[in-house]
Structures are given as C-alpha cells and as structure tokens.
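Presented below is the structure to which this report refers.
The values are calculated or read from the model by the stated rules, or taken from the named source; none is laboratory data. Small disclaimer: the values here were computed from a predicted structure and weren't measured. Using ideal geometry, Cβ is built from the backbone for each residue, glycine included, and neighbour counts are taken over all protein chains shown. Ligands, DNA and RNA are stripped out before the accessible areas are found, and what is left, the full protein with its side chains, is counted by its heavy atoms. Shrake-Rupley method; radii C 1.70, N 1.55, O 1.52, S 1.80 Å.
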Number of protein chains: 2
Amino acid sequence: MPQPSPTPGRILLVGFGPGHADHLTFRAAQAIGEAQVVIGYSTYIDLVAHMLEGKEVVVKGMTEELDRCEMALERARAGQVVALISSGDVGIYGMAGPTYEVLQAAGWRPGSDVAVEVVPGVTALSACAARVGAPLTHDFAAISLSDLLTPWEVIERRLKAAAESDFVVALYNPKSGRRTRQIVRAREIFMEHREPGTPVALVKSAYREREELELTTLEHMLEFKIGMLTTVLVGSSNTFVYEGLMITPRGYKNKYDLATGEVRAGEMPGRSLSSGLQP
Amino acid sequence: MPQPSPTPGRILLVGFGPGHADHLTFRAAQAIGEAQVVIGYSTYIDLVAHMLEGKEVVVKGMTEELDRCEMALERARAGQVVALISSGDVGIYGMAGPTYEVLQAAGWRPGSDVAVEVVPGVTALSACAARVGAPLTHDFAAISLSDLLTPWEVIERRLKAAAESDFVVALYNPKSGRRTRQIVRAREIFMEHREPGTPVALVKSAYREREELELTTLEHMLEFKIGMLTTVLVGSSNTFVYEGLMITPRGYKNKYDLATGEVRAGEMPGRSLSSGLQP
C-alpha cells in the first residue's frame, strides 16, 4: 500500500452555483480559497475571477474536459491542492463524474495518495426555478439535449417517457451553434403529450448580469432565443402561470380547500390520499 | 391599486441546503439574518438554531404547511420581514410552491404590498450525490413517494416511465411510519427494468451529525434502514461502483479512449456522436 505523503495533494470538485457571489456556498468559497491551482472552462473562471488572486489559473476549452481531469490528478499527485470548478452543481452534468473516471483509469483509489472532495452547489434547475416562480414543487426530470456524448435515441426515449408521465422537465444544453434540431424535436415530443398552452420558462444566465427570463408556452417557445446558456423548464399538466410566475402545485388542493383550510370529505391529514396506495 | 407602504413587508423563501453551515449559500445566511420572524418545521429550526438569536421563531408541525404560508403573509402584510425556511432547495418539494398558491388565493400580486424572494439552496439530491461519488452526471428524475397529496397512480406511472427509460432516479420521501409499502412497490418496478445488481445509494441526513451512507443494490436495498430522512438514489444501466463510489459516466467513453485520450474511429470532438441526431 502506498503511504500518504505528509502533505498530500487534494482535488476539490467545486460547484459554485449560478455564478453570482450571493449564491455560492460557504464551503465552495472556502475550497476555492484553499486551492493553489484552479482549473476550469473560461466562462467559469471569469465568473469567480475575484476569488483567484495569487493562484495559478488554468483555462481549458469546452472540449478539453478530460484534459482538465488529468491535469488535476497530475498536480495533486505532485502535492498541490487543485480546484476543478463548474458552475451550478459539479455533480450534475459536471466534472465530478469524468474526474472519478479518469482517476479510476489512472489506478487511483480513495484513501490513497490524493484526497478528493465533491463540493455541491446550487444547480441550474434550482437557480432557474427560483427566478421564475416555483415550477419544481413536484416530480421533475433533467435531460441534457447534447448528443455529443450520448446517442440521440437514448435522449429521445427519455424525452418521450418524461413527457408521457407528466414530469416537469428541465432541459440542459438545449441548443448550440451546431446542435439546433434537438430542441425542435424535443418540443414536438412534448406537443404530442401536453397542451400547447403548457407553461415553458426559458432562463438564460440566472442571477448573472446578462440574465434573461422568458415565460412562454410549448406552442410558442421556439419563437424566442434559446442558446448554450439557456435552461428550458417545461411545466407538467398541473403547472400554471399566475401574474408572471410559473407554479407547479404540490397537491394541497387534492386534500384541502385552500380558501378555508378545511380538509376535503373522505381525506385525513397525515394519511395517504383516498386515491393513494392503501395499506 | 394598493400603494406599497414605506417599509413594505417581505417573505423570504429560504432553502438552507443539507443542514450543515458549510453548505448554506451566502444569500440564504443573509436572508435569515434579515428576517424578524422565522417560520419552519421543528427539525429545520433546530438545524439553523445558531442563526436565530433575537428573532421570533415559529415552529410548525409537518402537516401545518399551509398555516405556515398564511402566517407568513399575515406578518408580511403587517410590515415584517418573514423567512419561511426549508432544508435543501425551497423550490424543490419545498415551501415556495404552496406559499405562492396561498398568496394567490389571498389576492396577492407581484409588485403589490408584499415582496417575495425565493432563495435557492443545495437540494437533497445534490448533497446526497456528493457524499457517495458522482451518480448524477447524466439524466435523472426526482420522484416523491409520498401519496399524502398525490394519487399513487400518478407516482407509479412516473416510476415506470423513469425505470423504463433509464434515468438515474432520486426518490424523495421514500418511507414513513405509516407509508411503508410505497418503497417496496417502487423497487418492484425498478426490478422489472434493471439488473438486480444496479447500484443504489441510501443517504440519510447528508452532511449532518447523524449522517448515514449505505451503498447497496436494487436486489438488497430493502435489507437496510430507510426512513423519512433518507434519499434513495437508484443508478441507471450505466451506473457503476468503483471502490465504494457510485459513478454514472457522462459518456466520454462513447467518443474517447480514456486511457490514451484518442478520439474513437468515426467520431469528432465538438460534433454529435455518430449515433446522434444528424443535421
């Protein structure tokens, strides 16, 4: 067994949330502070530039994710503290997964020469939801429309399943310069299962300076700008819009009269709905 | 139109993350600091007790969610700053939705007498994932097994759809003293579509003092304790366990040789997979 060195290197996988300093966690800020080397995609580096003074900063391009992981391992094995940073939550479509895969391929094991910590953050769907109301109060699915690494048939199967079974859906990576048909096809699938008037929110750069919010519908969503930095939130059959807010009910109306607070006939607080799974 | 008062009341809907001070956002801490009145379920109040000195604290029970919203509105209309707090993200199965519904029923409108702010937090699935590896690196669904407010048939339809279409699934509210059959039925549904050896993580109270982590499989998951505070993460067909870490690959192996970094024959960096949606 290799013995840990006296000052072992560390890899900190840090999700810094939507990209505004207010919505960073204390641990994420601390972790970036501890790092000697910070590695990330250029947009991410820009968003936390004020925290990087005195650190070595390594800017990598969009298609160099695996390079970033390999460099992190190399530096950590040399005894450095390395932060690999992602916006949102580093565990959701982020660098945590690829990093562990690269570590595995390199023969790394937990408890060996390099310590690894995943620092969770506020993911895009949480941040975007907060800006448009409360669309995620009930079951939801997250689907990335990027087919750079995933066969389109897998993505399409998930779109159909989520559309049919009435999940609220957050679409990540809906469109890029080259990938333009994916969002068109995704909308077609939703239109087969949901009303054209189903609320859809298009949220670009939530909480950042260039934030753009658009509340639209399945029918009209393609008339608006959708890009690399947009998250698309598609409502369920219960989602409604009230005065510019997108809201998915938790279901209290199934049991209570919201105006009087009275329990509906046949229902009991703290018990399954009358249409629930009975014991 | 009602005129806003000179010191209008506010409702702050605050998600404070998993319940450890390190994983709170700066804005969540600030928002709780601004509040004169803090309303929450007793477990939530305990978790942020160190932040509540000098504030009025209103502890409500599990089945009094709507009361909490109504009280928040009443106090805010009287000019107070009120924080309604939830663990995790207040927008995900949290108080943001019910509060907006109660506000709507009371005739409130955005821009009127009471300002409302949703402060997003690190949701349970992000926190739990960070503690067990990187299970959420690809598409996932969140499903609550509570049928207190949702017809069981709706829940079961979503379980089947998510199981069939190979989402990683986070099960919220998997079990309580009274609701014990839901998790049994959910597992049955997954067993119809996935291998018995599919990785499953059971995470209780992530990042809290009494945290419990269990990495098991679909086959064996019911042999372990599952309760009100457990989040269940069910892997996709691609999820694997490496040295006690649960990892869902992002898909780099579909395009690159992870050992050499070489692009596989027929694939191009930055372009759709050869099995992608072609232009």
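Observations, loosely collected:
- B:TYR100 passes every criterion in (1) buried (at least 24 other Cβ atoms within 10 Å of the Cβ); (2) closer than 28 Å to B:ARG210 by Cβ; (3) within 11 Å of chain A (Cβ to nearest Cβ) apart from (2).
- As for region B:257-268, it holds at least one residue that is over 29 Å from the mean Cα position of the chain (by Cα), on the phi > 0 side of the Ramachandran plot and free of Cβ contacts under 8 Å to residues at least 12 places away in the same chain.
- Taking residues in region A:33-62 that are in contact (Cβ under 8 Å) with a residue 12 or more places away in the chain and farther than 12 Å from A:PHE16 by Cβ, and partners anywhere that are in a helix (DSSP H, G or I) and open to solvent by 60 Å² or more (accessible area, probe 1.4 Å), the pairs with Cβ atoms closer than 8 Å and at least 6 places apart or on different chains are A:LYS60/A:ASP67.
- Flag if A:PRO18 is free of Cβ contacts under 8 Å to residues at least 60 places away in the same chain, within 30 Å of B:GLY15 (Cβ to Cβ) and open to solvent by less than 30 Å² (accessible area, probe 1.4 Å): no
- Meets criteria (of a type in the set (A, V, I, L, M), open to solvent by 10 Å² or more (accessible area, probe 1.4 Å) and in contact (Cβ under 8 Å) with a residue 24 or more places away in the chain) for A:LEU159: no
- Yes/no for B:ALA170 being within 7 Å of another protein chain (Cβ to nearest Cβ) and either within 17 Å of the chain's Cα centre (by Cα) or open to solvent by 10 Å² or more (accessible area, probe 1.4 Å) (or both): no
- Qualifying helices (runs of 4 or more DSSP H) (wholly inside region A:77-167; at least 1 residues being modelled with pLDDT under 95 and farther than 18 Å from B:ALA170 by Cα): A:96-105
- Filter result (at the interface with another protein chain (Cβ under 9 Å from one of its Cβ atoms), more than 19 Å from A:ALA141 (Cβ to Cβ) and not aliphatic (A, V, I, L, M)) within region B:109-122: B:ARG109, B:PRO110, B:GLY111, B:GLU117, B:GLY121
- When region A:234-252 is filtered for residues that are surrounded by fewer than 20 Cβ atoms within 10 Å (Cβ to Cβ), more than 7 Å from chain B (Cβ to nearest Cβ) and not in a strand (DSSP E or B), the ones remaining, listed by number, are A:SER237, A:ASN238.
- Residue list for region B:73-97, restricted to those being in contact with a Ser or Thr (Cβ under 8 Å, 6 or more places away or on another chain) and surrounded by fewer than 18 Cβ atoms within 10 Å (Cβ to Cβ): B:GLY79
- Output for region B:253-278, where each listed residue is in a helix (DSSP H, G or I) and either more than 7 Å from chain A (Cβ to nearest Cβ) or open to solvent by 80 Å² or more (accessible area, probe 1.4 Å) (or both): B:LYS253
- The set of residues from region A:123-146 being facing chain B (nearest Cβ under 7 Å) and surrounded by fewer than 24 Cβ atoms within 10 Å (Cβ to Cβ) comprises just one member, A:SER144.
- Close pairs (7 angstrom Cβ cut-off, 6 or more residues apart or separate chains): closer than 16 Å to B:VAL241 by Cα and open to solvent by 40 Å² or more (accessible area, probe 1.4 Å) in region B:195-209, among the charged types (D, E, K, R) and not in a strand (DSSP E or B) anywhere: B:PRO196/B:GLU219; B:GLY197/B:GLU219
- Among the residues making up region A:215-258, those that are out of contact with any Gly (no Cβ under 8 Å at 6 or more places or on another chain) and among the charged types (D, E, K, R) are A:GLU223, A:LYS225, A:GLU243, A:LYS253, A:LYS255, A:ASP257.
- Here the condition is being open to solvent by 30 Å² or more (accessible area, probe 1.4 Å) and closer than 24 Å to A:PHE240 by Cβ; of B:GLU34, B:GLU70, B:GLU56, it holds for B:GLU70 alone.
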